[in-house]
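Visitor: Quick one: the structure is below, and I'll ask about it shortly.
The values are calculated or read from the model by the stated rules, or taken from the named source; none is laboratory data. The model shown is predicted, which means the values in this text are computed figures rather than measured ones. Cβ atoms come from the backbone with ideal geometry, glycine included; neighbour counts cover every protein chain shown. Each accessible area value is taken on the protein alone, full model and side chains, heavy atoms only, with ligands, DNA and RNA left out. Shrake-Rupley method; radii C 1.70, N 1.55, O 1.52, S 1.80 Å.
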Amino acid sequence: TGFVLLGFHDVPELHLLFFIVFTVVYASIIIGNMLIIVAAVSSQRLHTPMYFFLANLSFLEILYTSTVVPKMLEGFLKEAAISVAGCLLQFFIFGSLATAECFLLAVMAYDRYLAICYPLHYPLLMGPRWCLGLVATAWLSAFMVDGLVVALMSQLRFCGPDHIDHFYCDFMPLVELACSDPRVAQVTTFMLSVVCLTVPFGLILTSYVRILVAVLRVPAGAGRRKAFSTCSSHLAVVSTFYGTLMTLYIAPSAVHSQLLSKVFALLYTVVTPIFNPVIYTLRNKEVHQVLCRLLHIKQTET
């Protein structure tokens, strides 16, 4: 009827430290991404496709981490129990949001490619209806893909050990507890993972390669250095996110221990969400100006 999430049970002496660190990280993720959403919504200057996509990414990151981190924090203080239905629901929401982020990061890379390589045609190519359609497609496709996986997982029978050696309900640890044959769910998940990870990642790499080629044609100077810095930062975060997901879902045999699997999972559940606001927006001068103006208005009102 339920499971117990073991989390990082191998190092109980570090649980209090982990609780403090991840609580601070979780609060930073929520605050950082909320600032981006507030800035993008409140300022007319930021009503552009790039900031529309960034606001969606920030909203997604808040939901994404809130699905996993609170349960992980509970596991540092006491035994984290979860029902079978709750476990499948957590996997469905988390998996759908992770898949949506894969699609959304590809859309954002494509947006930057059009803005840099086709600046004159950009307003027509990235109109409001097209932007909304891309975001809606990313979200709906993700929930449909993971809905299929969860529908197959719900047909499995679980018996025997009720302990999941992870800090959230992930696919592999959950399937390992199934008494019925999980091969249909495993093959389906593998095929969907290949498509949903490699295709968007390929689009991102193609977009950034073309951006770099366009930047190399610009005379050397501050503009080129800034473009290289921005592209390298984006690619670093994207590679961490996609790389860990590909390792765990496409080539799980490459991870030789469950502890290493948990460390990899932390990279895309906690590390990437805290770096996304910094890399994409919080060092942007326009966002700084908007946030400073909003804080000044609030102080004036008080």
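Visitor: For every helix of n ≥ 4 consecutive DSSP H residues, a contribution of -39,500 (n - 2.57) applies; sum these over the chain, divide by its total residues, and give [θ] at 222 nm rounded to the nearest 500 deg cm²/dmol.
Guide: That comes out to -25000 deg cm²/dmol.
Visitor: Roughly what would the spin-label model give for residue 206 and residue 44, points 7 Å off Cα along C-beta, in nm?
Guide: The modelled label-to-label distance comes out at 3.9 nm.
Visitor: Shifting gears a bit: For residue 163, what residues show an amide H to amide H distance below 5 Å, using hydrogens built from the backbone and excluding near sequence neighbours?
Guide: Answer set, sorted by chain and number: 4.
Visitor: Further question on the same structure: Enter the per residue convex hull volume of the range 58-164, computed from alpha-carbon coordinates, in Å³ rounded to the nearest integer.
Guide: Convex hull of Cα atoms, per residue: 111 Å³.
Visitor: Net charge near residue 142: determine it from the other residues with C-beta under 15 Å of the C-beta of residue 142, scoring Lys and Arg +1 and Asp and Glu -1.
Guide: So the environment of residue 142 carries a net charge of -3.
Visitor: Something else now. Which residues in the range 9-46 place their backbone N less than 18 Å from a point set 7 Å from the Cα of residue 293 along the Cα-to-Cβ direction?
Guide: Answer for the range 9-46: 35-46.
Visitor: Can I ask one more? Can you give the net charge of the other residues whose Cβ lies under 11 Å from the Cβ of residue 7, counting K and R as +1 and D and E as -1?
Guide: -1
Visitor: Considering only protein heavy atoms and a 1.4 Å probe, what is the carbon-and-sulfur percentage of the accessible area of the chain?
Guide: The C+S portion of the solvent-accessible surface of the chain is 71 percent.
Visitor: Give, as ranges by residue number, the residues of the range 188-221 whose backbone N falls under 20 Å from the point 7 Å along Cα→Cβ of residue 155.
Guide: 188-194
Visitor: Something else about it: Just round it to a whole percent: the fraction of Cα-Cα distances in the range 12-61 exceeding 11 Å.
Guide: Result for the distance tail: 68 percent.
Visitor: Rank 245, 46, 104 by mean-square fluctuation in a GNM of the chain with C-alpha springs under 10 angstrom and give only the top-ranked residue.
Guide: Per the Cα network of the chain with a 10 Å cutoff, 46 tops the list.
Visitor: Hey, got the Cα dimensions of the range 134-188 along the principal axes, in Å, largest first?
Guide: On the principal axes, the range 134-188 reaches 44, 25, 15 Å in Cα extent.
Visitor: Same structure, new question: Would you rank 13, 101 by solvent-accessible area, highest first, keeping every protein chain in place and using a 1.4 Å probe?
Guide: Of 13, 101, the descending order of accessible area is 13, 101.
Visitor: Could you work out the relative contact order of the range 1-144, using alpha carbon pairs under 8 angstrom and six or more residues apart, expressed as a whole percent?
Guide: Once divided by the residue count of the range 1-144, the mean separation gives 32 percent.
Visitor: To continue, here is another question. When Rg is the radius of gyration of the Cα atoms in the chain and Rh is its Kirkwood radius, what does Rg/Rh come to?
Guide: Answer for the chain: 1.00.
Visitor: Tell me the Rg and the Dmax, in Å, that the Cα atoms of the range 107-155 produce.
Guide: Values for the range 107-155 (Cα only, Rg and Dmax): 15.8, 53 Å.
Visitor: Just the accessible area per residue of the chain, please: how many Å² with a 1.4 Å probe?
Guide: Using a 1.4 Å probe on heavy atoms only, each residue of the chain averages 50 Å².
Visitor: Compute the helix-to-body angle for 15-42: its Cα long axis versus the longest principal axis of the chain, expressed 0 to 90° and rounded to tens.
Guide: 40 degrees
Visitor: In addition: Contour minus end-to-end for residue 240 and residue 125, with contour as 0.36 nm per residue of separation and end-to-end as the Cα-Cα distance?
Guide: So the chain would gain 38.4 nm between residue 240 and residue 125.
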